[in-house]
Amino acid sequence: MAIGPPEIAVILIIFFLLFGAERLPKLARSMGQAKGEFQEGLNEVVNIPEKKKTFTDLDAGGRTPEQKLADDAKNAGIDPTGMDTDSIKDELEEKED
């Protein structure tokens, strides 16, 4: 048993009666946005990061290079608060000399 044009017309009429003509564009828009967000999430899961970058991140212990530099500065007795990375590097080099 296939759905033909008369059945589709009846379904559309019932749909209009239940949801109203004003809600249909909003419903269609929200369905489109949901599909887009689903596709975005699916792309994030499917695109596996490069192994080299993953191993580098694991070796760093989950810290960014800036965090490691700030930790090195603290260990050397330098307060990195408010300093940019170049200044911290310069201070560390001066401290080592």
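Here, each number is a calculation from the coordinates, and none is a lab measurement. This structure is a prediction, so every number in the text was calculated from the model and none was measured.
Observations on the structure shown:
- From the Kirkwood radius over Cα pairs of the chain, Stokes-Einstein at 25 °C and 0.890 mPa s returns a whole-number translational diffusion coefficient of 125 µm²/s.
- The calculated Kirkwood hydrodynamic radius for the range 51-96 is 11.3 Å, given to one decimal from all distinct C-alpha pairs.
- Theoretical ellipticity at 222 nm over the chain - DSSP helices of four or more residues, -39500 (n - 2.57) apiece, nearest 500: -26000 deg cm²/dmol
- Taking 0.36 nm per residue of sequence separation and removing the Cα-Cα distance, the VAL10/ASN47 pair yields an extension gain of 9.0 nm.
- The range 1-47 shape via C-alpha gyration tensor axes, a/c threshold 1.5: oblate
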